[in-house]
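What follows is one structure encoded as structure tokens, with my remarks underneath.
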There are 2 protein chains.
Amino acid sequence: MAAMRDLQGSTQNVLRPGVVEFAFGEPDPALLPVALVRAAAVGALDRFGPGAISYGQEEGPPALREQIARRTAAREGRAVAADDVLVSGGNSQALDQALTVFSAPGDVVLVEAPTYSLALGIIRDYPVDVVGVPLDGQGLDVAALDDTMRRLRAEGRRARLLYTVPTFHNPAGVSLELGRRRRLLELARDHELIILEDDVYRELAYDGDAPPALWALDPAAPVVRLGSFSKTLAPGLRVGWIDARSDLRERLLACGMVESGGCVSQYAATVVARVLEDGGYDGHILELRAAYRARRDVLVAALREHLPAGCSFHEPAGGFFVWLALPAGLSATTLLPFAEARGVSFAPGARFRSDGDDRCLRLAFSLYEPQDLADGARRLGEAVRAALRAAP
Amino acid sequence: MAAMRDLQGSTQNVLRPGVVEFAFGEPDPALLPVALVRAAAVGALDRFGPGAISYGQEEGPPALREQIARRTAAREGRAVAADDVLVSGGNSQALDQALTVFSAPGDVVLVEAPTYSLALGIIRDYPVDVVGVPLDGQGLDVAALDDTMRRLRAEGRRARLLYTVPTFHNPAGVSLELGRRRRLLELARDHELIILEDDVYRELAYDGDAPPALWALDPAAPVVRLGSFSKTLAPGLRVGWIDARSDLRERLLACGMVESGGCVSQYAATVVARVLEDGGYDGHILELRAAYRARRDVLVAALREHLPAGCSFHEPAGGFFVWLALPAGLSATTLLPFAEARGVSFAPGARFRSDGDDRCLRLAFSLYEPQDLADGARRLGEAVRAALRAAP
């Protein structure tokens, strides 16, 4: 809990003293590689000179695109060239841009139920209809997706986009099973449904490798894969990238905002290029993976120890989140004051759904040291018991 | 023309050897304060630690908002507190965000005719109708704006937004006269027309101070002033700011993209905060002003010397642009090949209008040394004469 101290009030979320804030799903500032970034911040200006801080190419700096292509080819087994990669300002910016470019008023945008709450906020800024499709322990229910698309078509509506987090889902912690990935890609090709694949947690895999990205499985499918350095390097750099079929890339590049301002994170993107060129990034990811895996292990064990019967969750194999189902009849919003009175907080499940279903809650294990996580789980168990006792 | 060499291919616009590219309205990379930024890039990490690269407050880093408020109060005479300022990712990002937040499908967005071509591109990404309002040597024709709004209302349409560059206009080089500014603010208040005031050239004033910003003249008016460090510090940092009435600021902050990713340029914004705290910024602006004033003077004199009768322009008192009206019957697009054959280029006027009128062209004087500008003006004069001789 010391990690967020002394940040000069500049950060997005402020931790309350004495509260384990399971609500905040962000990297632990204490784990950010300040020294790596510091060296690269200077190195980028030394290498690129004024080019690092001029209007940048719309596609992003070639040096960064080259590094991303090299890493992707080596780690994901899909050949990709620097020219195939677009640099973004992080996945929130990329999602916003994708909605600007790919959606029209009245379109249906499909999302998982539950889905990432703040992505829902981005989508709701557009004049589209959001329709949720359920997921289970194996990720998005692809048969339900098919049914939903048929129903929409029968109603004369068109599902244009699917926003999905198939790998280490936020908030559900699950990953889409391989057979379902293939079926989803078939559906997308058949219906020209553009898949916005939010792949931000790929590198944070704790039990072996992450499953293959939708983008990597099928070069012909209309997939826009959103990759990010926000969880593995630093969120405040606001740098990510986009892999997509060439026609979709061209539409993204024709975005007026990018044509006007050039690369949306030009200087930061050259800094990330230097970090990748300098060679410390892979080692840093291994350290992160070990640290977050230990936190995952502690939280999962402590939840199993302290939660009463009737609670359940899938152990996440990567990412930042445990999605906890509460005993029947207890809603997350009802539980919240019991939890806060005991020094623990969380994000109620209703935030992650368009239908308001509140039977689950999200716990993030990224921000705290193991001892804090264990304390938080114990307090949460006490809160659940107290809320059940108080129930009418 | 050496300025753009050796930028490792990372920049948005690539200059052709032997051509004076008057088309590119961007700061000269040779004038970017690389050393100032280099020191601040390290200073930001030393001062803010991991906070500089964590998810940032949606409003932007307090240290930068404090510096901007202090500068604005001192230079523009309108009292403003840090809490009144929002940090943006530059004016292209801010304009895009404003359209997301303030426009609805079918709304009319008013622009000047001519207007900044790439802003037109941003606006056209939204499902709105763009309507141009003429300007003259004193800026936007405010009486014509009033007529246009009345006509639209009679047709049952609503003008929701006006995008304007009232100070050192891009492309027209003119500034809105003070009486017109006051009348425009009255109209905006009466009709709750939100003015998006692109104020990016304010600090680059060559003949005394810039006129007061619309935002500074009337705290009660619905003005969103977009300020930027792109022309005075470095475009590739992607940092600007927004001044607006508090209700408009709140709507801008409720944007899903910002709620999700936090400050859109967090690290770069802390770098800019350090530049401003370090004290070298004001001196740098004085140097820029002297350099760009000299370029303006050379270009204006050379155009007067070399252009044939029938050409005309207003001498700009700031900014980067001369808007040149061609002799009757000669369009800019017709002239362009004559110019390129002689080693000079420019942006044809039709790019800056929604009605395709092409009687003018834009010359930017920011990117070249004086001798190149003089050569370019001479070549342009030859091209105009040649095109007139070739006319049927």
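Structure summary
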| read-out | value |
| --- | --- |
| Sequence-distant residues sharing a close amide H with A:Val133 (under 5 Å, placed H) | A:Val111, A:Glu112, A:Ala113 |
| Solvent-accessible area, 1.4 Å probe, carbon plus sulfur percent, for the protein assembly as shown | 49 |
| Rg and Dmax of segment B:4-110, Cα atoms only, in Å | 18.7, 49 |
| Interchain or long-range residues, amide H under 5 Å from B:Arg158's placed H | B:Val108 |
| Shielded residues, segment A:194-238 - accessible-area loss of 30 Å² or more between chain alone and all protein chains, probe 1.4 Å | A:Pro235, A:Gly236, A:Arg238 |
| Residue among A:Gly240, A:Gly60, A:Ala347 farthest towards the positive dipole end of the protein assembly as shown, charges placed on Cβ | A:Ala347 |
| Inverse mean reciprocal Cα-Cα distance (Kirkwood Rh) of segment A:326-392, Å | 12.3 |
| Residue-wise HN-Hα coupling along segment B:361-375, computed from phi with Karplus coefficients 6.51, -1.76, 1.60 (Hz; x: Gly, Pro) | 8, 10, 10, 9, 10, 7, 9, 10, 5, x, 4, 5, 4, 5, 4 |
| Inter-copy separations for A:Arg124, label at 7 Å along Cα-Cβ, nm, ascending | 3.3 |
| Charged-residue dipole, Cβ positions (Lys, Arg, Asp, Glu), segment B:231-314 about Cα centre, Debye nearest 20 | 300 |
| Mean accessible surface per residue for segment B:7-88, computed with a 1.4 Å probe while every protein chain stays in place, in Å² | 34 |
| Relative contact order, percent, chain A [alpha-carbon distance under 8 Å, six or more residues apart] | 24 |
| Semi-axes of the equivalent ellipsoid for segment A:256-342, Cα gyration tensor, largest first, Å | 40, 21, 11 |
| Segment A:39-117 and segment A:167-189: distance between their alpha carbon centers, rounded to Å | 22 |
| Three principal axis lengths of segment B:142-258 [C-alpha, angstrom, descending] | 45, 40, 24 |
| With DNA, RNA and ligands ignored, accessible area of B:Cys360 (1.4 Å probe; Å², nearest 10) | 30 |
| Contact order normalised by residue count of segment B:11-88, Cα under 8 Å, 6+ apart, percent | 20 |
| The protein assembly as shown: mean projected area of Cα convex hull, nm² | 33.8 |
| Antiparallel DSSP beta bridges within the protein assembly as shown, percent to nearest 5 | 50 |
| Loss of accessible area when A meets B, both sides summed, Å² nearest 100, probe 1.4 Å | 5400 |
| Copy-to-copy label separations for B:Glu186, where each label sits 7 Å from Cα toward Cβ, in nm and ascending | 7.0 |
| Gaussian network model of chain B, Cα within-10 Å springs - most flexible of B:Ala268, B:Ala291, B:Ala154 | B:Ala154 |
| Rough spin-label spacing in nm, given labels placed 7 Å along Cα→Cβ, for B:Ala325 and B:Asp357 | 1.0 |
| Other copies of B:Gly77: label-to-label distances in nm, shortest first, labels 7 Å along the beta-carbon direction | 7.0 |
| Computed lengthening from B:Arg251 to B:Ala309, 0.36 nm per intervening residue step minus Cα-Cα distance | 15.8 nm |
| Total charge dipole magnitude, segment B:150-208, about the Cα centre, Cβ charges on Lys, Arg, Asp, Glu only, Debye to nearest 20 | 480 |
| Segment B:114-194, relative contact order in percent, only Cα pairs under 8 angstrom and at least six apart counted | 33 |
| Rotationally averaged projected area of chain A (alpha carbon convex hull; nm²) | 19.2 |
| Listed residue (B:Tyr292, A:Ala44, A:Ser88) projecting farthest to the positive dipole end of the protein assembly as shown, Cβ model | A:Ser88 |
| For B:Leu330, net neighbour charge (Lys/Arg +1, Asp/Glu -1) across residues whose Cβ lies under 12 Å away | +2 |
| Filtered GluC sites (Glu not before Pro), segment B:132-194: DSSP coil and at most 11 other beta carbons within 10 Å | B:Glu155, B:Glu192 |
| Phi to ³J(HN,Hα) by Karplus 6.51 cos²θ - 1.76 cosθ + 1.60 over segment A:146-160, Hz, x for Gly, Pro | 4, 4, 4, 5, 5, 4, 4, 5, 4, 8, x, 9, 10, 7, 9 |
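The values are calculated or read from the model by the stated rules, or taken from the named source; none is laboratory data. Here the structure is a predicted model, which is why all the values come from computation and not from measurement. Cβ atoms come from the backbone with ideal geometry, glycine included; neighbour counts cover every protein chain shown. Note: accessible area is taken over every heavy atom of the protein model, side chains too, but ligands, DNA and RNA are not part of it. Shrake-Rupley method; radii C 1.70, N 1.55, O 1.52, S 1.80 Å.
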